[in-house]
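The values are calculated or read from the model by the stated rules, or taken from the named source; none is laboratory data. Source: prediction; values computed, not measured. Glycine also receives a Cβ, built like all others from the backbone with ideal geometry; neighbour counts cover every protein chain displayed. For the accessible areas, the whole protein counts, side chains as well, though only heavy atoms, and no ligand, DNA or RNA atoms are used. Shrake-Rupley method; radii C 1.70, N 1.55, O 1.52, S 1.80 Å.
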Amino acid sequence: MRIHKIAAIPADGIGPEVIAAGLEVLNALASHDGGFKFDIEHFPWSSDYYLEHGYYIPEGGLEQLKAFDAIFFGAVGSQQVPDHVSLWGLRLPIAQGFDQYANVRPARVLPGVQSPLKGGEDIDWVIVRENSEGEYAGNGGRTHRGLPIETATETAVFTRAGVERIHRFAFELAQKRPAKHLTLVTKSNAQRFGMVMWDEIFYEVAADFPDVKVDRELVDAVTTRMVLKPKTLDVIVATNLHADILSDLAAALSGSLGIGPTANLNPERAFPSMFEPIHGSAFDITGKGIANPVATFWTAAMMLEHLGEQGAAKRLMQAIEAVTADKVHTPDLGGKATTADVTRAVCEFIRAGK
Ligand code: ATP
């Protein structure tokens with residue numbers, strides 16, 4: 001029996017609702033498969049926990065997480081805590097501390113789902129986001145607070161090692177897809193140091209992947225290309241900030257923020273990787289039982305792939321697609337189904353073993 005140790009961190013907003021749904025589906029898959037099971041430990045780290053204790057991650061917390069095969073993360077963000085405090089308190093220490101430098105975000109219009117875009121059916125992208133440095137390196141400071149000379153800096157950090165490894169990862173990913181096409185996205189006309197180095201290193205790495213077709217786009221231009229010519233894109237590699245923005249756009253174009261999955265990978269497996277839906281806490285629908293769990297299910301499928309359970313990952317994607325095709329849709333997709341309805345339908349498909 002293969003046992004996968006999972007650290008579940010549901011955290012804030014709809015996080016607990018979608019993670020509970022995700023775990024239900026994962027356990028249904030394990031029961032159906034019979035060859036593996038999950039050993040799941042819940043961590044209560046959240047904004048409520050922060051308000052009570054003064055920290056998100058207790059001392060030794062990261063050390064504790066190291067023992068797990070993967071981290072299944074909900075969402076962080078609360079109306080009681082400034083966003084930069086919650087993000088830097090919980091999600092970023094894990095992603096950066098565990099060197100999860102490759103953030104992978106697929107976007108596709110699932111069967112039965114309506115894209116807001118004419119031609120939306122052509123969306124089949126993977127956005128590869130550099131996840132360890134760049135604009136979110138945390139390099140900056142603020143002085144002379146409150147004075148007219150108050151100054152703040154937020155310096156993006158690009159290292160050759162960091163840029164090369166994300167390009168290499170993106171090329172390897174693109175090489176495995178039918179289109180074998182990788183688009184480099186930067187802003188190297190206006191930003192002439194870090195971005196120009198990104199471009200240069202991209203073409204150096206490209207020499208090792210002659211079978212991957214490449215092209216290049218500025219970040220502003222790629223937004224219009226995503227909307228007007230979705231079919232011309234396959235895999236996109238971009239910096240932390242740029243890819244963060246592009247992947248929200250991609251999720252919305254594929255029907256809803258409630259669909260998009262994310263994997264934060266440490267490809268070398270020196271540390272556990274973290275899997276989370278793209279969306280955040282979504283306070284407006286928290287506690288109403290209507291959060292779309294599809295993003296979390298798709299995220300769970302990516303986690304299964306990472307854990308070497310390719311069969312279960314495929315079955316889960318089939319289940320998700322059967323259920324979206326059946327129009328078991330939550331309100332964000334124009335339906336009336338609840339989180340529980342969608343979860344039940346996915347579990348039934350899995351158990352039926354179709
Ligand atoms: P955060 O600051 O944590 O990113 P947010 O509420 O500002 O949170 P998101 O949670 O990413 O931003 O989502 C924006 C909106 O999209 C939500 O208010 C909600 O209406 C919708 N949304 C996001 N995720 C889902 C979901 N899983 N199911 C249904 N609607 C969702």
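Summary table below
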{"quantity": "Matching entry among Gly146, Gly162 (being open to solvent by less than 10 Å² (accessible area, probe 1.4 Å), over 17 Å from the mean Cα position of the chain (by Cα) and over 30 Å from Gly334 (Cα atoms))", "calculated": "Gly162"}
{"quantity": "Residues (in contact with an Asp or Glu (Cβ under 8 Å, 6 or more places away or on another chain) and buried (at least 24 other Cβ atoms within 10 Å of the Cβ)) located in the stretch 279-295", "calculated": "Ala291, Asn292, Pro293"}
{"quantity": "Residue, farthest from Thr296 (Cα to Cα), within the stretch 69-84, restricted to residues that are of a type in the set (A, V, I, L, M) and either more than 12 Å from the ligand (Cβ to nearest atom) or not assigned by TED's automatic domain parsing to the domain that holds Pro277 (or both)", "calculated": "Ala70"}
{"quantity": "Residue in the stretch 131-142 that is open to solvent by 70 Å² or more (accessible area, probe 1.4 Å) and in a strand (DSSP E or B) present", "calculated": "yes"}
{"quantity": "Residue count, the stretch 210-222 (criterion: in a helix (DSSP H, G or I) and open to solvent by 50 Å² or more (accessible area, probe 1.4 Å))", "calculated": "1"}
{"quantity": "Residues of the stretch 274-307 that turn out to be within 11 Å of Ile14 (Cα to Cα) and near the ligand (Cβ under 6 Å from one of its atoms), as a count", "calculated": "9"}
{"quantity": "Any chance Thr324 is within 11 Å of the ligand (Cβ to nearest atom) and either open to solvent by 10 Å² or more (accessible area, probe 1.4 Å) or more than 18 Å from the chain's Cα centre (by Cα) (or both)", "calculated": "no"}
{"quantity": "Filter result for Gly22 (closer than 19 Å to Ile350 by Cα and at pLDDT 95 or above)", "calculated": "yes"}
{"quantity": "Qualifying positions in the stretch 1-20 - assigned to a loop (DSSP other than H, G, I, E, B) and within 16 Å of the ligand (Cβ to nearest atom)", "calculated": "Asp12, Gly13, Ile14"}
{"quantity": "Selection within the stretch 72-96 - without any contact (Cβ under 8 Å) to a residue 60 or more places away in the chain, part of a helix (DSSP H, G or I) and of a type in the set (A, V, I, L, M)", "calculated": "Val85, Leu87, Leu92"}
{"quantity": "Residue selected from the stretch 240-255 under the condition within 14 Å of the chain's Cα centre (by Cα) and either open to solvent by less than 10 Å² (accessible area, probe 1.4 Å) or among the charged types (D, E, K, R) (or both), by the criterion nearest to Gly335 (Cα to Cα)", "calculated": "Ala251"}
{"quantity": "Pair list, Cβ under 8 Å, 6 or more apart: the stretch 319-344 residue closer than 21 Å to Ala282 by Cα, other residue away from the ligand (no atom under 14 Å from the Cβ) and of a type in the set (Asp, Glu)", "calculated": "Thr343/Glu24"}
{"quantity": "Sole exception among (1) more than 10 Å from the ligand (Cβ to nearest atom); (2) farther than 24 Å from Phe68 by Cα; (3) surrounded by 17 or more Cβ atoms within 10 Å (Cβ to Cβ); (4) at pLDDT 95 or above for Phe271, by number", "calculated": "(2)"}
